[in-house]
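Notes to accompany the following structure.
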Amino acid sequence: PPYRRRLQTLSPPQVLITTPETLQAILSAPKLRKHISNLRYVIVDELHELICDKRGTQLSVALERAKKIAGRKLQRIGLSATIGEPKKVANFLKGSDDEVYIVEVRSKKGMEMKVEYPKPLEADISNAVELGISPIIASTLRIIMDKVREERGILCFTNTRIAAELIGSRITKLLGEKSPYIAVHHSSLSKNVRKETEEAFKYGRLRGIISTSSLELGIDIGHVDLVIQVSSPREVTRMLQRAGRSGHRVDRPIRALVIATSLDDIFESSSIIE
């Protein structure tokens, strides 16, 4: 809100958590700009999200501008769990500076990933007719519901908001309107609704969340036993990022299930998991 921004202008924080877009705005605002002269460190979290698109270009330009305003080199620290070419990413991050160091922590994390093609049962065909969906989708819903009952907490990712809403509404209808089992989470929902869903899952009032990319990054939502991906995730890094939301303890493996809904999905998903 405007009053919070005013407070930041009057009394700048020691640590500011922001985005590349907002950083550009800060660099152009006369009052906020003067505080950049005190800047020492810049931490870029989820660096892989920025390396390949225009937001990364925007960040690079903003960091060079911030360096010029501060009148000194800024220590840039990039963090990511899913980078395949550390040297290339390090060169991107360092910008016009000379030195860059790669701190690569390699630890063996167990992974249990598989692809499943849903085979419709008689009950699925009956549900398909009742809900106005295909038997394959009805079978997919059954698999998700079974996993929600078996596990303490699951995250189910879809590739679109429409798919998340469809799956969420149909499961709610099958389980009953007052079912405490699942909720839907995506960027088109209000901030309050998303926060309520995250809190409910964190404290065990929900057993599962049907989500899009809105929950694939490092949001603390508590314990996740299993990640389900409906249809191919399309990218290896995306699969790793989403699957990595499960087993957030040293002694726990990453567990993920891809539900393939077509022949193409089976081949693509299997290749991605390999």
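Key figures for this structure:
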item	result
Matching option when the condition is among the β-branched types (V, I, T) and under 23 Å from E46 (Cβ atoms), among V148, V193, V103, V129	V103
Residues that are in contact with a strand residue (DSSP E or B) (Cβ under 6 Å, 6 or more places away or on another chain) and either open to solvent by 50 Å² or more (accessible area, probe 1.4 Å) or at pLDDT 90 or above (or both), drawn from segment 144-164	I144, K147, I154, L155, C156, F157, T158, A164
Tabulated pairs, segment 132-152, first farther than 13 Å from V230 by Cβ, second aromatic (F, W, Y), C-beta under 6 angstrom, 6+ apart or interchain	V148/Y181
Qualifying residue in segment 107-118 (condition: touching a strand residue (DSSP E or B) at 6+ places or on another chain (Cβ under 9 Å) and free of Cβ contacts under 8 Å to residues at least 60 places away in the same chain)	no
Every residue from segment 90-127 that is small (G, A, S) and outside any helix (DSSP H, G or I)	G95, S96, S107, G110
Total residues in segment 231-256, condition touching a Pro at 6+ places or on another chain (Cβ under 7 Å) and either on the phi > 0 side of the Ramachandran plot or in a loop (DSSP other than H, G, I, E, B) (or both)	1
Considering residues of segment 231-241 that are at pLDDT 90 or above and buried (at least 22 other Cβ atoms within 10 Å of the Cβ) only, the residue farthest from E49 (Cα to Cα)	S232
Residue list for segment 129-143, filter: open to solvent by 40 Å² or more (accessible area, probe 1.4 Å) and assigned to a helix (DSSP H, G or I)	V129, E130, P135, I137, R142
Any helices (runs of 4 or more DSSP H) falling wholly within segment 11-74 and containing at least 1 residues that are within 28 Å of the chain's Cα centre (by Cα), surrounded by 12 or more Cβ atoms within 10 Å (Cβ to Cβ) and among the hydroxyl-bearing types (S, T, Y)	20-28, 54-70
Residue among I259, I210, I228 that is modelled with pLDDT of 90 or more, in contact with a Pro (Cβ under 9 Å, 6 or more places away or on another chain) and at negative phi	I259
In segment 90-123, the residues that are open to solvent by 90 Å² or more (accessible area, probe 1.4 Å), among the acidic types (D, E) and under 19 Å from S269 (Cβ atoms)	E112
Single condition S126 does not satisfy, out of (1) of a type in the set (G, A, S); (2) within 30 Å of L175 (Cβ to Cβ); (3) buried (at least 16 other Cβ atoms within 10 Å of the Cβ)	(3)
Single residue of I266, I254, I273 found to be open to solvent by 40 Å² or more (accessible area, probe 1.4 Å), touching a residue at least 60 places away in the same chain (Cβ under 8 Å), among the aliphatic types (A, V, I, L, M) and touching a helix residue (DSSP H, G or I) at 6+ places or on another chain (Cβ under 9 Å)	I273
Whichever residue in segment 207-230 is assigned to a loop (DSSP other than H, G, I, E, B) and open to solvent by 20 Å² or more (accessible area, probe 1.4 Å) and, among such residues, is nearest to I254 (Cα to Cα)	D225
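The values are calculated or read from the model by the stated rules, or taken from the named source; none is laboratory data. Computed from a predicted structure; not experimentally measured. With ideal geometry, Cβ positions are generated from the backbone for all residues, glycine too; neighbour counts draw on all protein chains shown. Heavy atoms of the whole protein, side chains included, go into the accessibility calculation; ligands, DNA and RNA do not. Shrake-Rupley method; radii C 1.70, N 1.55, O 1.52, S 1.80 Å.
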